[in-house]
Each structure stands twice: as C-alpha cells, then as structure tokens.
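In what follows, a single structure is set out as structure tokens and then discussed.
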Amino acid sequence: MSIRRFWIAGLLAAALPGLARADEAVKIGGAYALLNKPASPSAAVILIPGGNGQLNVRPDGDFSGLAGNQLVRTRKDYQAQGVASLTIDLGVDVAAAVKYMRGVHPKLS
C-alpha cells in the first residue's frame, strides 16, 4: 500500500465513527438525554427505556447503560424514517423533555 493510500485509509477510519454516530447529548434539567434528529422532522417521540432507566449519558453523547434495551437499540431507526427521537436517561423530568421536544417539533402533544 502506498503512503498516500495509507493516509487516506487512516483518515477515513478516523472519520467514520463520527459520521455514523447521530446522537447528540442534550441537557434537560440536571440530566442528559440522547437526541436523534433528521434535518426536517415529520414527527417527534420521547423514548423512555425500561429496566433501571440508567443510560448514563455523557455530555459527548456516549453512554454506558442499557445498550441492549429495545428502545435504546432502535432509537436511530426513527431518525431514518424522518422522526426526531429523544431517549431520556433516569433523572430527566418527562414534562421538561416534552417541552424541549415541542421546540424540535411543535406538533408534539
């Protein structure tokens, strides 16, 4: 492999994880939630995972809990269908999450 191809492959490998990750951490009250939003959402949903409810969302959008939860696993599928989703962590006030998502898509009721 030429040095040029080596550098291009390295740059792509470094860039791909950032491109694939669509989660944005948003702070609602004192806790973080994961926002996945298409450019022009047709609708919005709030996902409240079961289990212990602890996603342990960090400010950079990474999280360490409930990776196997069905709602957590499928949260990006909503975005692919044009729907904004907010996956809330334990401690996020649901009323505050609804208010936040009304700013993302005003027709959320």
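So the check is Cβ under 7 Å with 6+ separation or different chains; which pairs have a first residue in the stretch 81-93 that's under 11 Å from residue 48 (Cα atoms) and at pLDDT 95 or above and a second one that's part of a strand (DSSP E or B) and acidic (Asp, Glu)? The qualifying pairs do not exist here.
Residues in the stretch 72-97 that are more than 16 Å from residue 32 (Cβ to Cβ) and surrounded by 15 or more Cβ atoms within 10 Å (Cβ to Cβ): 76, 78, 79, 83, 84.
Go through the stretch 94-107 residue by residue and tally those that are in contact (Cβ under 8 Å) with a residue 60 or more places away in the chain and not hydrophobic (A, V, I, L, M, F, W, C). Lay out the reasoning, then the answer.
Pass one, the stretch 94-107, residues in contact (Cβ under 8 Å) with a residue 60 or more places away in the chain: 96-97, 100, 104-105, 107.
Subset that is not hydrophobic (A, V, I, L, M, F, W, C): 100, 105, 107.
Residues that pass the stated criteria total 3.
Across the stretch 34-50, the number of residues qualifying as in contact (Cβ under 8 Å) with a residue 60 or more places away in the chain, in contact with an Asp or Glu (Cβ under 8 Å, 6 or more places away or on another chain) and in a strand (DSSP E or B) comes to 1. The residues listed here are 49, 38; of these, the one that is surrounded by 12 or more Cβ atoms within 10 Å (Cβ to Cβ) and modelled with pLDDT of 95 or more is 49.
Between 97, 67, the distinction of being modelled with pLDDT of 95 or more and either under 20 Å from residue 29 (Cβ atoms) or touching a Lys or Arg at 6+ places or on another chain (Cβ under 8 Å) (or both) belongs to 97 only.
The values are calculated or read from the model by the stated rules, or taken from the named source; none is laboratory data. All figures in this text were calculated on a predicted structure; none of them were measured in a lab. Cβ: placed from backbone, ideal geometry, glycine included. Neighbour counts: every protein chain shown.
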